[in-house]
Amino acid sequence: MALFPLSRRALMGAAVSTGILPSRLLAQAARPILAGTYAQEGGTGLVRLEASTRGWTAARAPASIRNASFGVRSDATGLRYLVDEQAQGALGIYSRDLKQVETRPTLGADPCHVALSADGRRLAVANYSSGSIALWQLDAKTGLPLGEAQRVVHQGSGPDRARQAGAHAHWVGFAARDSVLHSVDLGADAIFAHRLAPGSGEVAETTIAYRAQAGSGPRHLARHPRLPIAFLVAELANTVTILRTQADGTFQARGIVSTLPKGFQGASAAAHIAINRAGNRLYVSNRGHNSIAVFAIAGDGGLARLQHVDCGGNWPRMFLLLEGRGEMLVANQRSGDVACLRIGSDGRLGAAATPNVRVPGVAYLTL
């Protein structure tokens, strides 16, 4: 069982650097993290990572929760919605203690992302291999689906015939007071806008919200917490596009920056993207270069690259910001471990602590 060494002295130092009282920091140390894993890569289920003043440990996993590559949790009901990423895609619904409540087909192959509307009445899933989305209407009290999902298939392709022969939905998210569902499609080089009917909540119309650069392979979108700005990470081009959000649900590009350092010539694929709570730092993971890129976000949404830090393993598919602890946990898929990087008071990252926590097939991290 691996440990991240984290002494009481280190906790006190983190408290000073982040402005958090030691008592609050110690309380946060007891909160578990869940790590989703791929079964075909040795994953044993949904692994629980537990923290203490001594560090992180990997506990036993509910083996029934397989291939959980992404999920969301409802604050209102406590339900957790996890996708089962395989050819016969499924959505698992679980209680607070991770007991299965329901399972539903996603009407597509390899679901890889899920989003819950702000009002808790709709749930959407992106089916990667099928290039489609599934949209459920939820019961406001129970959080359970009302009937079958609505399926919408994306249309489009890109110049990279190995990766873009057809549409590949990779991310979904609600906007405009839940009246629009955006979906990012790697194969179609586009962000789609699915406009939802006021009464039924179903998709009434689908248009292109943003046409990305041909062959760039957009993967995920991160919205700024306050500015009318969103950041689009492109997996194939290894770039972040700064987008200005429009009232009609469309986007306008304001600039593009590379996620890789100047002069890098190897193969790499950008993956996860996230913004800190203050809205002044953007983080992107690079698989291949095996790094986390850190950008400063200006007052107008512009980006300036601050640093690249080694991810502590191989193929950083996702990372989780734990700002209360002053840490970033990184899911290194191919090395099968989770690394811990210190977040400084300025948002910069320190080197990965050792040893990593062994989690074979790790793909997803969540509170």
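The values are calculated or read from the model by the stated rules, or taken from the named source; none is laboratory data. Small disclaimer: the values here were computed from a predicted structure and weren't measured. Note that each Cβ is placed from the backbone with ideal geometry, even for glycine, and that neighbours are counted across all protein chains shown. When the accessible area is computed, the model is the full protein with side chains, heavy atoms only, and any ligands, DNA or RNA have been set aside. Shrake-Rupley method; radii C 1.70, N 1.55, O 1.52, S 1.80 Å.
Structure summary
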| read-out | value |
| --- | --- |
| Top-ranked residue of region 98-111 - restricted to ones that are touching a Leu at 6+ places or on another chain (Cβ under 8 Å) and at negative phi, ranked as surrounded by the fewest Cβ atoms within 10 Å (Cβ to Cβ) | THR103 |
| All strands (runs of 3 or more DSSP E) inside region 92-201 with 3 or more residues being out of contact with any strand residue (DSSP E or B) (no Cβ under 6 Å at 6 or more places or on another chain) and under 26 Å from PRO32 (Cβ atoms) | none |
| Qualifying residues in region 168-180 (those that are touching a Lys or Arg at 6+ places or on another chain (Cβ under 8 Å) and not small (Gly, Ala, Ser)) - the one surrounded by the fewest Cβ atoms within 10 Å (Cβ to Cβ) | ASP178 |
| Residue tally, condition in a strand (DSSP E or B) and open to solvent by less than 40 Å² (accessible area, probe 1.4 Å), over region 328-367 | 20 |
| Members of region 117-134 found to be more than 14 Å from ASP84 (Cβ to Cβ) and crowded, with 24+ Cβ neighbours inside 10 Å, listed by number | LEU123, ALA124, GLY131, SER132, ILE133 |
| Residue, farthest from THR142 (Cα to Cα), within region 73-97, restricted to residues that are of a type in the set (A, V, I, L, M, F, W, C) and in contact with a Leu (Cβ under 7 Å, 6 or more places away or on another chain) | VAL83 |
| The listed residue being open to solvent by 10 Å² or more (accessible area, probe 1.4 Å), modelled with pLDDT of 95 or more and over 19 Å from the mean Cα position of the chain (by Cα), out of SER258, SER268 | SER258 |
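Every residue, every condition in (1) without any contact (Cβ under 8 Å) to a residue 12 or more places away in the chain; (2) touching a His at 6+ places or on another chain (Cβ under 6 Å), yes or no:
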site: ASN238; (1), (2): no, no
site: ILE242; (1), (2): no, no
site: ARG254; (1), (2): no, no
site: VAL257; (1), (2): no, no
site: GLN265; (1), (2): yes, no
site: SER268; (1), (2): no, yes
site: ARG277; (1), (2): no, no
site: LEU282; (1), (2): no, no
